[in-house]
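Participant: Encoded as structure tokens, here's the structure I'll be asking about.
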Amino acid sequence: MLTLPAMTFREWTGPLTADLVREPARFGLGQVPSRLVPDATTKAICGFCSTGCGLKIHLKDGEAINLTPDADYPVNLGTACPKGWEALNVLDAPDRARMPILHGKEVDWDTALRYFCDQMKRILDQHGPEAAAFLSTGQIMFEEMAFLGALAKFGMGMIHGDGNTRQCMATAVAAYKESFGFDAPPFTYADFEESDVLVFVGANPCIAHPIMWQRVLRNKRQPEIIVVDPRTTETAMAATQHYAIKPKSDLTLLYGLAHRLIRDGGVDKAFVEAHTSGFEAFESFVADFTPERVCAETGLSTEHLALFARTIRQGKAVSFWWTMGVNQGHQATRTAQAIINLALMTGNIGKPGTGANSITGQCNAMGSRLFSNTTNLLGGHDFRNAAHREKVAKATGMPVERIPDRQSLAYDQIIQAADEGTVKAIWFVATNPSHSWIDQNEMNRILDKLDFLVVQDMYCSTETAKRAHLVLPAAGWGEKEGCFINSERRIGYSPKVRRAPGQALADFHIFRLIAHYWGCGEMFREWQTPEEVFRVLQRCSEGQACEITGIEGYAQLIRSGGVQWPAEMTNGEWRMTNERRLFEDGKFFTEDQRAKFCFDEPVVPPEQRCAEFPLILMTGRGTSAQWHTETRTGKSAVLAKMVPEELMLDLNPEDAAALGVRDGQRVRVISKRAELTVLTRVTSCVKPGEVYLPMHDGRVNQLTHASFDPLSRQPSYKHSAVRVELV
Ligand SMILES: Nc1nc2c(c(=O)[nH]1)N[C@H]1C(S)=C(S)[C@@H](COP(=O)(O)OP(=O)(O)OC[C@H]3O[C@@H](n4cnc5c(=O)[nH]c(N)nc54)[C@H](O)[C@@H]3O)O[C@H]1N2
Ligand SMILES: Nc1nc2c(c(=O)[nH]1)N[C@H]1C(S)=C(S)[C@@H](COP(=O)(O)OP(=O)(O)OC[C@H]3O[C@@H](n4cnc5c(=O)[nH]c(N)nc54)[C@H](O)[C@@H]3O)O[C@H]1N2
Ligand code: SF4
Ligand SMILES: [Mo]
């Protein structure tokens, strides 16, 4: 086990906040625009979803006054969804955090930072390096995220730190790592336009990724669009085939499809032979998944199953896409891998219009997966590997003994450790778990036990900030610079185009200040600007699948419309095209360069229907105008018009009739954990026995049952048992 040098409180010496007063511009205070912004307009990347749309920001006297979608950006080609259009307007709000807040009172940065370091050092000194943890996000720039991970682990000596990407992408990470040997989503958005058959499993892009959906609509091949979702979503309505399977029966369905494809000669034997391992075992495993069994367990008819399999078999270029309907489940990793298996066995990978493609969620989810220093050591490395630690130490200039030699606990394990009292302090950066974490009352009970709860957020009014001992006021998107990595692995630069309110600072500068107050500022000597950190991360990526050493710097990212990883320099030459997919040579990142078939027997979800709770509650996105816990989108008057005024429960007409409930009536939704009062929307978009609530209302996670995929530790937000009663 790693032993860290004992922490001693080193008295703070003062110059940096004095500088903050004398030279505020060094920390971005009062300074716009970013040094890279030329004159009247500049280009940015949207800071909401992982599509990563390019936006043109129009400036007056150096400050943003308006924006329009960027017609030249290869991602969105001149379009944006409502959130993107409103991105600047959510920044002005009375509840923006303007000053640090300590125990409910505004304080200056000096007091806040001294207090932060004092408390964290006390806890780490008294209880060891496992007693404090950080929980971060896929919503800050990847340079910032890397700074946080490096500061907390190498600088401050923490072992544990995870991200809200655990709620979101952990499954895809676990699945890709085992199947492909690296966390490597293979696709490029052009694949949406080049497929003959697109299969969406547990994904509702019309609402959650509207501009990716625009790319689907540009497909000129009249493609078959297949949606697997228990609900008739907006995407399902636009599809050519919709399979409304029983919730969480995807694994059985996907194995059933593999069974039929094998039986009907749908296997690309040459590809399987040359580029994969484990197919024979998989073939005998799926022999049990007969159409009869699959139809009984999923609720599909044998005709539909046959049509689904035939469409895949006959498709020339078939692409498979998945999102939270898969990633959030009790057997999520195996389900994602069952999708990967279908792409592999049919040879639908590494070619235009194909792929086993996990769509990410947040603007920088991909950056968080590879460069946050949480579950991976910077650049997709492994904390447990001595050679990796040496390499990252060299690339970052950090002393190698400061790099932990073991994995962080996963998010839920950190929370459990807080409940058990071994974790005593948590520092949340850009995430609002008092609203978004599963089984919320339990989460809040545990958060309230902490000795020290710090929240670093744009707003002081979030559910989590309200519980915090210390709130650190952060600048938001548009008020700072750095890069995001989008769903197709594209790194895009976004500039500072506005002043942050009050004394709010970019997360980047907050981390610099903490490093200084902690006494480890010297370790981060080179980390003065985001672009300098970008260079450090480039060095960390060398030789990895996600190598980015070939990118010249921010200027090139702006010039070229973003760059997809990998981007290594070949003989000093830049030869990148704007759309690139992985595995074109059939070589994967595993040791034998073969993709691996991974599978397991399906098991039933942990919380089942029963006489007391006869309905299955699914949760997810509500409208394209709402973003998660609504701290940002909730501030826009325009977006508010696109959102139902009250929380609505989707309920099937049969269930409504049985309960004697009419459309628009008030009902109680009750689970083993809590009860809420909501309005009904009686609709056949949900099947009998199933109900749906959007996640954006702060109360919804009071109902959800906390279960986790054992391989990815991602929460299963989409399967809880409830009953509905008339109020
Ligand atoms: N407007 C908007 N856009 C967003 C976000 C937002 O908050 N608002 N969030 C972003 C983020 S972080 C993410 S992760 C993505 C999420 O994007 P999506 O995953 O597309 O969104 P969800 O609505 O969570 O879930 C997708 C679908 O899974 C279905 N589902 C539920 N249970 C099952 C099941 O057992 N099997 C199958 N096959 N499907 C099931 C639900 O009915 C739902 O329609 O969206 C991103 N984009
Ligand atoms: N029931 C249910 N629950 C779910 C889901 C579901 O499908 N169903 N989906 C899950 C998924 S996929 C996700 S990704 C999570 C999302 O859950 P959260 O991460 O908790 O949701 P957000 O509202 O995006 O929280 C981001 C916070 O960061 C702040 N912020 C924004 N920009 C910045 C910045 O630049 N710096 C700082 N310091 N703060 C900033 C915002 O004000 C906000 O408080 O929710 C999960 N919860
Ligand atoms: S689709 Fe996503 S990235 Fe594009 S404008 Fe909308 S929220 Fe922003
Ligand atoms: Mo997410």
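The values are calculated or read from the model by the stated rules, or taken from the named source; none is laboratory data. Bear in mind the structure is a predicted one, so any value in this text is a computation, not a measurement. FYI the Cβ positions are ideal-geometry reconstructions off the backbone, even for glycines, and counts take in every protein chain you see.
Participant: Could you say which residue among ARG221, ARG231 is at pLDDT 95 or above, over 22 Å from the mean Cα position of the chain (by Cα), within 16 Å of ligand 2 (Cβ to nearest atom) and not small (Gly, Ala, Ser)?
Facilitator: The conditions single out ARG231.
Participant: Scan the range 605-644 for residues that are β-branched (Val, Ile, Thr) and free of Cβ contacts under 8 Å to residues at least 60 places away in the same chain and jot them down. Write out each step before concluding.
Facilitator: Kept after step one, since they are β-branched (Val, Ile, Thr), are these residues of the range 605-644: 616, 619, 623, 629, 631, 633, 638, 643.
Of everything in the range 605-644, just one residue is β-branched (Val, Ile, Thr) and free of Cβ contacts under 8 Å to residues at least 60 places away in the same chain, namely VAL643.
To keep it simple, each residue is scored yes or no on (1) within 21 Å of the chain's Cα centre (by Cα); (2) at pLDDT below 95; (3) not small (Gly, Ala, Ser).
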| site | (1), (2), (3) |
| --- | --- |
| ASP448 | no, no, yes |
| TYR459 | yes, no, yes |
| THR462 | yes, no, yes |
| PHE534 | yes, no, yes |
| GLU552 | no, yes, yes |
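Participant: Is it the case, given these coordinates, that GLY265 is of a type outside the set (Ser, Thr, Tyr), surrounded by fewer than 22 Cβ atoms within 10 Å (Cβ to Cβ), on the phi > 0 side of the Ramachandran plot and at pLDDT 95 or above?
Facilitator: Judged against the criteria, GLY265 is a match.
Participant: Let me ask something additional. Residue check: is PHE180 on the phi < 0 side of the Ramachandran plot, away from ligand 2 (no atom under 16 Å from the Cβ) and either surrounded by 23 or more Cβ atoms within 10 Å (Cβ to Cβ) or not β-branched (Val, Ile, Thr) (or both)?
Facilitator: On the way: on the phi < 0 side of the Ramachandran plot: yes; away from ligand 2 (no atom under 16 Å from the Cβ): yes; either surrounded by 23 or more Cβ atoms within 10 Å (Cβ to Cβ) or not β-branched (Val, Ile, Thr) (or both): yes.
Yes.
Participant: Does the range 599-615 include one or more residues that are farther than 23 Å from THR704 by Cβ and either buried (at least 20 other Cβ atoms within 10 Å of the Cβ) or not charged (D, E, K, R) (or both)? Steps first, answer last, please.
Facilitator: Within the range 599-615, the first condition is being farther than 23 Å from THR704 by Cβ, and the residues that meet it are 599-601.
Narrowing further to those that are either buried (at least 20 other Cβ atoms within 10 Å of the Cβ) or not charged (D, E, K, R) (or both): 599.
Yes: the range 599-615 contains one or more residues that are farther than 23 Å from THR704 by Cβ and either buried (at least 20 other Cβ atoms within 10 Å of the Cβ) or not charged (D, E, K, R) (or both).
Participant: Of a type in the set (Phe, Trp, Tyr) and within 19 Å of the chain's Cα centre (by Cα), is that true of TYR493?
Facilitator: Details: of a type in the set (Phe, Trp, Tyr): yes; within 19 Å of the chain's Cα centre (by Cα): yes.
Criteria met by TYR493.
Participant: Out of ASN376, ASN357, I need the residue that is within 18 Å of the chain's Cα centre (by Cα), within 16 Å of ligand 1 (Cβ to nearest atom) and among the polar types (S, T, N, Q). Which one? Reasoning before the result, please.
Facilitator: Details: ASN376 fails: within 16 Å of ligand 1 (Cβ to nearest atom).
Criteria check complete, one pass: ASN357.
Participant: Collect the residues in the range 39-52 that are assigned to a loop (DSSP other than H, G, I, E, B), modelled with pLDDT of 95 or more and either within 21 Å of ALA190 (Cβ to Cβ) or away from ligand 1 (no atom under 16 Å from the Cβ) (or both), keeping them in residue-number order. Let's see the steps before the verdict.
Facilitator: Residues of the range 39-52 that are assigned to a loop (DSSP other than H, G, I, E, B), as a first pass: 39-40, 46-48, 50-52.
Checking the rest, the ones that are also modelled with pLDDT of 95 or more come to 46-48, 50-52.
Listed by number, the residues that qualify are CYS46, SER50, THR51, GLY52.
Participant: Further question: Mind checking whether some residue in the range 164-176 is over 20 Å from ALA545 (Cβ atoms), more than 18 Å from the chain's Cα centre (by Cα) and not polar (S, T, N, Q)? Outline the logic, then answer.
Facilitator: Initial filter on the range 164-176 (over 20 Å from ALA545 (Cβ atoms)): 164, 166-168.
Checking which are more than 18 Å from the chain's Cα centre (by Cα) leaves us with none.
No, the range 164-176 contains no residue that is over 20 Å from ALA545 (Cβ atoms), more than 18 Å from the chain's Cα centre (by Cα) and not polar (S, T, N, Q).
Participant: In this structure, does VAL691 turn out to be in a loop (DSSP other than H, G, I, E, B) and either within 16 Å of ligand 3 (Cβ to nearest atom) or crowded, with 18+ Cβ neighbours inside 10 Å (or both)? Let's see the steps before the verdict.
Facilitator: Details: in a loop (DSSP other than H, G, I, E, B): no; either within 16 Å of ligand 3 (Cβ to nearest atom) or crowded, with 18+ Cβ neighbours inside 10 Å (or both): yes.
Criteria not met by VAL691.
Participant: While we're here: Filter the range 462-517 down to residues that are in contact with a Lys or Arg (Cβ under 6 Å, 6 or more places away or on another chain) and under 17 Å from ALA146 (Cβ atoms), then give me how many there are.
Facilitator: Here the count works out to 3.
Participant: With (1) part of a loop (DSSP other than H, G, I, E, B); (2) under 19 Å from PRO247 (Cβ atoms); (3) of a type outside the set (S, T, N, Q); (4) within 16 Å of ligand 1 (Cβ to nearest atom) as the list, and ILE616 as the residue in question, which single condition is left unmet?
Facilitator: The failed condition is (1).
Participant: When ASN385 is evaluated against the numbered criteria (1) in contact with a Leu (Cβ under 9 Å, 6 or more places away or on another chain); (2) polar (S, T, N, Q); (3) within 15 Å of ligand 1 (Cβ to nearest atom), which criterion, by number, is the only one it fails?
Facilitator: Failing condition for ASN385: (3).
Participant: Output the qualifying pairs, or none if there are none: Cβ atoms under 7 angstrom, residues six or more apart or on different chains, first residue in the range 112-129 and of a type in the set (A, V, I, L, M, F, W, C), second residue modelled with pLDDT under 95 and in a loop (DSSP other than H, G, I, E, B).
Facilitator: Qualifying pairs under 7 Å: LEU124/MET7.
Participant: Check whether at least one residue in the range 428-438 is of a type in the set (Phe, Trp, Tyr), more than 16 Å from ligand 3 (Cβ to nearest atom), outside any strand (DSSP E or B) and touching a Pro at 6+ places or on another chain (Cβ under 8 Å), and report yes or no. Write out each step before concluding.
Facilitator: Filtering the range 428-438 for residues of a type in the set (Phe, Trp, Tyr) gives 428, 437.
Of the ones still in play, those that are also more than 16 Å from ligand 3 (Cβ to nearest atom) are 428, 437.
Next, only the ones that are outside any strand (DSSP E or B) stay: 437.
Imposing the further condition that a residue be touching a Pro at 6+ places or on another chain (Cβ under 8 Å) reduces the set to 437.
Yes, the range 428-438 contains at least one residue that is of a type in the set (Phe, Trp, Tyr), more than 16 Å from ligand 3 (Cβ to nearest atom), outside any strand (DSSP E or B) and touching a Pro at 6+ places or on another chain (Cβ under 8 Å).
Participant: Under the condition of being in contact with a helix residue (DSSP H, G or I) (Cβ under 9 Å, 6 or more places away or on another chain) and loosely packed, with under 14 Cβ neighbours inside 10 Å, which residue from the range 648-669 is farthest from GLN626 (Cα to Cα)?
Facilitator: ARG662
Participant: Please name all residue pairs, on different chains or six or more residues apart, with Cβ atoms under 8 Å, provided the first residue is in the range 395-408 and is within 17 Å of LEU537 (Cβ to Cβ) and the second residue is small (Gly, Ala, Ser) and assigned to a helix (DSSP H, G or I).
Facilitator: Filtered contacts from the range 395-408: THR396/ALA150; MET398/ALA150; ILE403/ALA393.
Participant: Cβ-Cβ under 8 Å, sequence separation 6+ or interchain: first residue in the range 313-330 and under 17 Å from SER487 (Cα atoms), partner charged (D, E, K, R) and away from ligand 2 (no atom under 16 Å from the Cβ). Which pairs?
Facilitator: Every condition considered, the pairs that remain are SER319/ASP191.
Participant: Okay, moving on. When the residues of the range 53-96 are narrowed to those that are within 16 Å of ALA640 (Cβ to Cβ) and outside any loop (DSSP other than H, G, I, E, B), which ends up nearest to ligand 4 (Cβ to nearest atom)?
Facilitator: LYS83
Participant: For the range 156-177, which residues satisfy the criterion of being surrounded by fewer than 24 Cβ atoms within 10 Å (Cβ to Cβ) and more than 24 Å from LEU711 (Cα to Cα)?
Facilitator: Answer for the range 156-177, where residues must be surrounded by fewer than 24 Cβ atoms within 10 Å (Cβ to Cβ) and more than 24 Å from LEU711 (Cα to Cα): just GLY157.
Participant: Output the residues belonging to the range 172-217 that are in a loop (DSSP other than H, G, I, E, B), hydroxyl-bearing (Ser, Thr, Tyr) and touching a Ser or Thr at 6+ places or on another chain (Cβ under 9 Å).
Facilitator: Within the range 172-217, TYR189, SER195 meet the criteria.
Participant: If we only count helices (runs of 4 or more DSSP H) wholly inside the range 256-352, which ones have 2 or more residues that are of a type in the set (A, V, I, L, M), within 16 Å of ligand 1 (Cβ to nearest atom) and under 21 Å from PHE182 (Cα atoms)?
Facilitator: Numbers: elements: 269-275, 279-286, 291-298, 302-314, 324-327, 332-345.
Filter on the range 256-352 gives 324-327, 332-345.
Residue-by-condition table, conditions (1) touching a Pro at 6+ places or on another chain (Cβ under 8 Å); (2) away from ligand 4 (no atom under 16 Å from the Cβ):
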residue	(1), (2)
THR276	no, yes
PHE282	no, yes
GLY299	no, yes
ALA306	yes, yes
THR335	no, yes
LEU344	no, yes
ILE359	yes, no
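Participant: For the list (1) crowded, with 20+ Cβ neighbours inside 10 Å; (2) over 30 Å from THR252 (Cβ atoms); (3) of a type in the set (Asp, Glu), I need the number of the one condition that GLU645 fails.
Facilitator: Checking GLU645 against (1) crowded, with 20+ Cβ neighbours inside 10 Å; (2) over 30 Å from THR252 (Cβ atoms); (3) of a type in the set (Asp, Glu), the one that fails is (1).
Participant: Let me ask another. Pick from the range 151-171 the residues that are among the charged types (D, E, K, R) and in a helix (DSSP H, G or I): which of them is nearest to ligand 2 (Cβ to nearest atom)?
Facilitator: Going through the range 151-171, the residues among the charged types (D, E, K, R) turn out to be 153, 162, 166.
If we keep only those that are in a helix (DSSP H, G or I) as well, we get 153, 166.
Details: LYS153: 19, ARG166: 9 Å.
Here the residue is ARG166.
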